[in-house]
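Asks: Questions regarding the structure given below will be posed in turn.
The values are calculated or read from the model by the stated rules, or taken from the named source; none is laboratory data. Because the structure is predicted, anything quoted here is derived from the model rather than measured. Positions of Cβ are generated from backbone atoms using ideal geometry, with glycine treated the same way; all protein chains shown enter the neighbour counts. When the accessible area is computed, the model is the full protein with side chains, heavy atoms only, and any ligands, DNA or RNA have been set aside. Shrake-Rupley method; radii C 1.70, N 1.55, O 1.52, S 1.80 Å.
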Amino acid sequence: MHTELFSFMDFDVLWNGLCRPLLRLILSISLGLAIGNIIEALHWGRFLAKVSSPLVRMAHLQDVSGAAFTMAFFSSISANSYLAEQYEQGKIVRKELYFSNLLNSTPVLFLHLPSLFFLAVPFLGKAAFWYVGIIVSAALFRTIGTVIAGRFILPPTPEGCVTCELDDNAPKDAKEVFQRVVSRFMRRIRRVLLVTIPVYTIVFMLNRFGVFEALNDVIGGDNGFLPFINPEAAGVLILSLAAEITASMAAAGALLTDGSIQAKDVVLALLAGNILSSPMRALRHQLATYMGIFPSRLALWLIFCNQSVRVVSLVLFTLAYYFWV
C-alpha cells in the first residue's frame, strides 16, 4: 500500500496517468460541446437530419435524433452533447433520448472501425475478419433491433416532420449565433468541469490501487465458468479483460504463429474478453464523459442500457459463431 501511495504521488504518474489524459478529455468534451452548439445555432441539423431521415422515420424518431445519428459518425461527444442540449430544451423526451443513444452506438463503432481492423489484421490474419465481422454484425443487429423497438414503442412523428422544427427560432445574424453558442457553452462547460474532473480522478485512483484488476479477477476468475475457451487462449482472455486490446492481439498473434491454438479459439477468447470487460470499459471510458454531458442519474442509466444491449448482442453472435462456424 505504501509503495502504491508513493507511486501515486509521483509527478510522472500524476501527469501521464491523470492530468494529461484528463486535460485531453476536457478539451475533447469542450470541442464537442462547441461543435454541437454551433450546429444547433446555425441550424445545420436540418441537413444532417435529412441524411438519416429514412432510418429515423422507421424508428419513429424526430429530426434532432437524426441529426445526432449523422453527427455520431464524426464525433460521439458532439452527438451526445447535441442530444443533451435538445433534451434540456424539451425537444425530445427521455424515452427518445434512450433510443437515440442506442442508435448512435453503430456510427460510433464505425468511427473507430478502421483502426480496429488494421490493428487486428497484422496480428490475427484471416481470424481478424471473423472477429471484426462479428463485432460489426452485432452492431448492425442492435441498430435493426433499436429501429424495430422504436417503431413499436415510440409514437409516430407527424407526416413529413423529420426537419419541421429545425428552422424555429433561427438566429438573425452572426452576432446572435455567437451569443447563443457562447451562452450555452459557458453554461454546460461549468458542469463538465464540476463533474468530469472528480469522476475521472476517482476512476484513476481506483485503477492505481488495483480495484479494476481485482474486478477483472472476480469476473474472469480462473476461466472455470467459460468451458468453451481453450486453456491455451486464457492469456488472450485475461489481457482482453484488462482492456489491453493491442497486448491481447499480440498474444493471440504469437499463439497463432506458433500453432498452439486455432483461429476459432482466438476469436472466441477475444470476444469473451470484450464481453466480460464491458463493465470496466464503461467505468474507464464512458463514465466521466457521460456524467459531464448528461445529468448524473441519466448518464448512469444511458451507460447501463447501452452496455447491456451491446453485451446481449455480442453474446448472441458469439454463441452463433461457437455452435455453427
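Asks: Give the residues of the range 105-133 that are surrounded by 21 or more Cβ atoms within 10 Å (Cβ to Cβ) and touching a Ser or Thr at 6+ places or on another chain (Cβ under 7 Å), sorted by residue number.
Replies: Of everything in the range 105-133, just one residue is surrounded by 21 or more Cβ atoms within 10 Å (Cβ to Cβ) and touching a Ser or Thr at 6+ places or on another chain (Cβ under 7 Å), namely Thr106.
Asks: Of all residues in the range 287-325, which are surrounded by 19 or more Cβ atoms within 10 Å (Cβ to Cβ), farther than 20 Å from Glu88 by Cβ and among the polar types (S, T, N, Q)?
Replies: Answer for the range 287-325, where residues must be surrounded by 19 or more Cβ atoms within 10 Å (Cβ to Cβ), farther than 20 Å from Glu88 by Cβ and among the polar types (S, T, N, Q): Ser313, Thr318.
Asks: Looking at the range 209-217, can you tell me whether even one residue there is of a type in the set (Gly, Ala, Ser), at pLDDT 65 or above, buried (at least 18 other Cβ atoms within 10 Å of the Cβ) and out of contact with any Leu (no Cβ under 6 Å at 6 or more places or on another chain)?
Replies: No; the residues of the range 209-217 include none that is of a type in the set (Gly, Ala, Ser), at pLDDT 65 or above, buried (at least 18 other Cβ atoms within 10 Å of the Cβ) and out of contact with any Leu (no Cβ under 6 Å at 6 or more places or on another chain).
Asks: On to the next question. Can Leu140 be described as in contact with a helix residue (DSSP H, G or I) (Cβ under 7 Å, 6 or more places away or on another chain), more than 23 Å from Tyr290 (Cβ to Cβ) and modelled with pLDDT under 70?
Replies: When the stated conditions are applied, Leu140 does not pass them.
Asks: Step by step: first the residues of the range 239-268, then only those that are aliphatic (A, V, I, L, M) and either part of a loop (DSSP other than H, G, I, E, B) or more than 13 Å from Phe123 (Cβ to Cβ) (or both), then the one that is modelled with the lowest pLDDT. Which residue is that?
Replies: Ala243
Asks: Continuing with the same structure: Mind checking which residues of the range 74-104 are assigned to a helix (DSSP H, G or I) and open to solvent by 70 Å² or more (accessible area, probe 1.4 Å)?
Replies: Those that are assigned to a helix (DSSP H, G or I) and open to solvent by 70 Å² or more (accessible area, probe 1.4 Å): Glu88, Arg94, Lys95.
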